[in-house]
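Peer 1: Attaching a single structure in structure tokens format; questions to follow.
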């Protein structure tokens with residue numbers, strides 16, 4: 001693989017597996033089973049219907065998802081879901097939906113929900129600078145909320161929930177954009193899960209939505225068709241021209257997860273090893289590298305840390321870039337360093353980064 | 001070029017130029033100037049900002065578009081624009097917007113507009129089975145309409161307006177999805193033009209919107225952010241993660257239009273030659289091939305015709321496929337045959353098709 005791709009720690013769009021890139025590359029000139037460029041095949045072709053069906057089916061298999069759920073492949077990213085969810089589930093409601101504000105991305109979901117109906121924010125993580133997530137005893141889950149919304153992994157701050165939140169008698173809605181298919185998840189305990197593809201499962205331009213069939217009966221009649229989960233589900237994600245290439249690449253990634261990795265349990269093992277190695281590097285640095293997130297809430301996807309001063313961080317990033325690493329600058333909202341270690345990033349790449357970090361620390365001490 | 005791609009007459013997503021496919025293929029492993037896969041480069045990178053800026057600039061140059069217009073690159077296809085336009089320009093209005101119903105696609109725009117406000121349909125093309133477009137003296141343009149909406153080219157029926165519609169004192173909104181950048185157009189005589197990419201200018205997954213700056217002041221305050229033209233314009237199409245790959249390929253196509261073709265006047269010449277050859281083949285077939293559209297409204301992009309009976313059409317399609325042609329089946333809504341001859345389809349491919357049609361006719365007569 002191109003060495004630079006293998007050391008791409010970008011926060012997203014993230015690196016994709018080498019075998020997927022090679023197949024995608026071939027498909028640009030000719031999809032093997034069709035003979036045409038993937039960019040010029042009709043979305044109404046039998047081939048594309050099979051692509052959508054297999055992608056849906058692979059996601060079902062990976063998650064053990066039953067037939068009462070629809071798998072949709074939409075456009076517009078998580079941002080579109082920030083609006084579609086409350087348009088569908090919150091409009092006209094008296095009782096507020098409950099939202100957790102745990103970081104940058106859950107914060108983006110709030111104003112979009114507030115446009116549609118009443119919202120109660122039951123955790124204001126800003127008070128602790130989004131350095132930790134709440135315990136259950138800090139949260140008061142209402143029995144009358146139309147739904148509970150949270151973000152499973154905050155990419156900017158590097159926080160990840162290690163447990164299911166909420167009550168079984170209130171529908172759960174979760175933005176899993178940055179840890180979807182990185183580990184097994186109890187998908188059927190949610191009413192709705194959404195995840196844009198560009199972290200773990202594909203390129204930007206496509207968003208996966210898992211939808212309990214009950215949602216189809218809750219859609220208001222006056223929504224534009226493309227914002228209507230029911231119409232999208234009935235059209236099998238082909239209501240209007242879908243992003244064919246992005247969906248095809250997502251199919252290739254789900255095949256890779258099933259066939260090369262062997263499922264989400266294996267994927268989770270690999271992801272845990274990768275994260276453990278980096279956090280260990282932070283913890284054994286005697287404060288040279290300062291992890292941002294509280295230990296119990298550390299993300300397996302985004303390892304966020306600082307080096308004490310901006311000058312040193314700048315030097316770290318420049319030297320890392322010269323060594324072939326990319327994407328390590330922290331999110332523009334908070335700065336610092338962020339190593340995003342999504343599915344496609346190999347343990348060997350993390351080992352290289354850990355070595356680099358140790359050497360950089362040694363070197364800095366010797367100056 | 002892969003011979004099958006060069007004979008792809010698909011109605012959309014359509015074929016792309018060979019040189020674009022080769023560059024896209026290379027970018028899947030490594031964008032030359034970055035060294036990373038285009039699928040794993042951050043949308044906040046300097047490289048991607050330059051991609052967006054150059055794409056915008058190329059479109060401005062091709063159309064001679066002034067600085068009072070914004071060029072947006074959005075998701076959701078024309079279908080999203082069917083809703084965004086009336087959400088922005090029609091909500092709360094008393095006077096109806098005027099719409100022309102000239103075929104399948106303009107028909108799709110109607111219910112989306114009617115959800116948002118009053119609509120007057122000033123042309124019901126269904127009465128003549130969408131076989132022709134209206135003359136000016138059949139249309140009554142209101143001076144008080146918030147805007148006039150029409151579709152410049154109907155891909156399904158093969159109808160294309162050869163003139164500008166409407167009054168200069170009422171804003172024009174046009175869906176140019178299927179003939180955008182296929183010929184010069186008086187873009188500044190419109191308030192808003194939209195076009196999904198997957199006919200002439202790129203893969204599916206990205207939509208170009210040209211927007212007069214006045215629109216920015218008309219956006220209601222309560223729209224979800226991704227449906228807000230103002231927020232999208234201020235964010236330079238990077239409000240949330242855009243479809244990086246689709247935009248990159250669109251950039252490559254605009255470069256091809258500027259550098260290889262030499263601008264829209266040249267592109268129009270080529271497109272006129274292609275269409276003339278096919279329509280001539282229909283007209284000289286003594287009724288064997290029956291063109292669908294009235295002569296004066298014939299589309300330069302989609303040549304739609306019948307062969308008199310379904311059995312013969314089936315035979316035509318099967319034999320064409322064996323000869324390497326693809327995408328010739330008419331739209332599922334009306335059947336028949338459709339040869340879509342978008343920008344990237346070469347004159348030589350059209351010559352091959354015309355020869356095939358003549359031979360098929362000869363053969364059928366000899367049976």
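The values are calculated or read from the model by the stated rules, or taken from the named source; none is laboratory data. Just so it is clear, the model here is predicted, and its values are computed rather than measured. Here Cβ is always computed from backbone atoms with ideal geometry, including for glycine, and neighbour counts include all displayed protein chains.
Peer 1: I'm trying to understand the selection: among the residues of segment B:93-123, which are in contact (Cβ under 8 Å) with a residue 60 or more places away in the chain and not in a strand (DSSP E or B)?
Peer 2: Passing the criteria: B:104, B:105, B:106, B:109.
Peer 1: Scan segment B:324-335 and give yes if some residue there is closer than 20 Å to residue B:156 by Cβ, more than 14 Å from every other protein chain (Cβ to nearest Cβ) and out of contact with any strand residue (DSSP E or B) (no Cβ under 6 Å at 6 or more places or on another chain), otherwise no.
Peer 2: For segment B:324-335, residues closer than 20 Å to residue B:156 by Cβ, more than 14 Å from every other protein chain (Cβ to nearest Cβ) and out of contact with any strand residue (DSSP E or B) (no Cβ under 6 Å at 6 or more places or on another chain): absent.
Peer 1: Turning to a different aspect of this structure: Any residue that is within 14 Å of chain A (Cβ to nearest Cβ), in contact with a helix residue (DSSP H, G or I) (Cβ under 7 Å, 6 or more places away or on another chain) and surrounded by fewer than 18 Cβ atoms within 10 Å (Cβ to Cβ) - is there at least one of those in segment B:265-273? I'd like the intermediate steps shown before the answer.
Peer 2: Going residue by residue through segment B:265-273, those that are within 14 Å of chain A (Cβ to nearest Cβ) are none.
No, segment B:265-273 has no match at all.
Peer 1: Continuing with the same structure: How many residues does segment A:31-71 hold that are within 14 Å of chain B (Cβ to nearest Cβ), in contact with a strand residue (DSSP E or B) (Cβ under 8 Å, 6 or more places away or on another chain) and not in a loop (DSSP other than H, G, I, E, B)?
Peer 2: 2
Peer 1: When you scan segment B:133-151, do you find a residue that is under 19 Å from residue B:201 (Cα atoms), assigned by TED's automatic domain parsing to the domain that holds residue B:198 and touching a strand residue (DSSP E or B) at 6+ places or on another chain (Cβ under 9 Å), even just one?
Peer 2: Yes, segment B:133-151 has at least one match.
Peer 1: Anything in segment A:124-139 that is in a loop (DSSP other than H, G, I, E, B) and surrounded by fewer than 20 Cβ atoms within 10 Å (Cβ to Cβ)? List them, or say none.
Peer 2: Listed by number, the residues that qualify are A:129, A:131, A:132, A:134, A:135, A:139.
Peer 1: Among the residues of segment B:238-264 satisfying the criterion of being at the interface with another protein chain (Cβ under 10 Å from one of its Cβ atoms) and part of a loop (DSSP other than H, G, I, E, B), which is farthest from residue A:115 (Cα to Cα)?
Peer 2: Across segment B:238-264, the extreme among qualifying residues is B:243.
Peer 1: Select from segment B:163-201 the residues that are in a loop (DSSP other than H, G, I, E, B) and under 9 Å from the mean Cα position of the chain (by Cα) and list them in ascending order. Let's see the steps before the verdict.
Peer 2: Applying the first criterion (in a loop (DSSP other than H, G, I, E, B)) to segment B:163-201 yields B:163-171, B:176-186, B:190-191, B:197-201.
If the condition is that a residue be in a loop (DSSP other than H, G, I, E, B) and under 9 Å from the mean Cα position of the chain (by Cα), then B:176, B:177, B:178, B:179, B:180, B:181, B:182, B:197, B:198, B:199, B:200, B:201 are the ones that fit.
Peer 1: Can you tell me which of (1) more than 18 Å from the chain's Cα centre (by Cα); (2) crowded, with 23+ Cβ neighbours inside 10 Å is the one residue A:304 doesn't meet?
Peer 2: Condition (1) is where residue A:304 drops out.
Peer 1: Take the residues in segment B:309-335 that are touching a residue at least 12 places away in the same chain (Cβ under 8 Å) and loosely packed, with under 12 Cβ neighbours inside 10 Å, then tell me which one is nearest to the chain's Cα centre (by Cα).
Peer 2: That would be B:333.
Peer 1: What are the pairs, 6+ residues apart or on separate chains, where a residue within segment A:1-23 that is within 14 Å of residue A:197 (Cα to Cα) and more than 9 Å from chain B (Cβ to nearest Cβ) has its Cβ under 7 Å from a residue that is modelled with pLDDT of 95 or more and surrounded by fewer than 23 Cβ atoms within 10 Å (Cβ to Cβ)?
Peer 2: Partner pairs satisfying both residue conditions: A:17/A:256.
Peer 1: Ok, one more. Counting only residues that are within 13 Å of chain B (Cβ to nearest Cβ), crowded, with 17+ Cβ neighbours inside 10 Å and in contact (Cβ under 8 Å) with a residue 12 or more places away in the chain, how many does segment A:195-237 have? Working first, answer last.
Peer 2: Pass one, segment A:195-237, residues within 13 Å of chain B (Cβ to nearest Cβ): A:195-207, A:220-228, A:231-232, A:235, A:237.
Within this subset, residues satisfying the condition of being crowded, with 17+ Cβ neighbours inside 10 Å are A:195-207, A:223-228, A:232, A:237.
Restricting the remaining residues to those that are in contact (Cβ under 8 Å) with a residue 12 or more places away in the chain gives A:195-207, A:223, A:225-227, A:232, A:237.
Within segment A:195-237, residues that are within 13 Å of chain B (Cβ to nearest Cβ), crowded, with 17+ Cβ neighbours inside 10 Å and in contact (Cβ under 8 Å) with a residue 12 or more places away in the chain number 19.
Peer 1: For segment A:166-176, check the following and say yes or no: at least one residue is away from chain B (no Cβ under 14 Å), free of Cβ contacts under 8 Å to residues at least 24 places away in the same chain and more than 25 Å from residue A:100 (Cα to Cα).
Peer 2: So far as segment A:166-176 goes, no, none of its residues is away from chain B (no Cβ under 14 Å), free of Cβ contacts under 8 Å to residues at least 24 places away in the same chain and more than 25 Å from residue A:100 (Cα to Cα).
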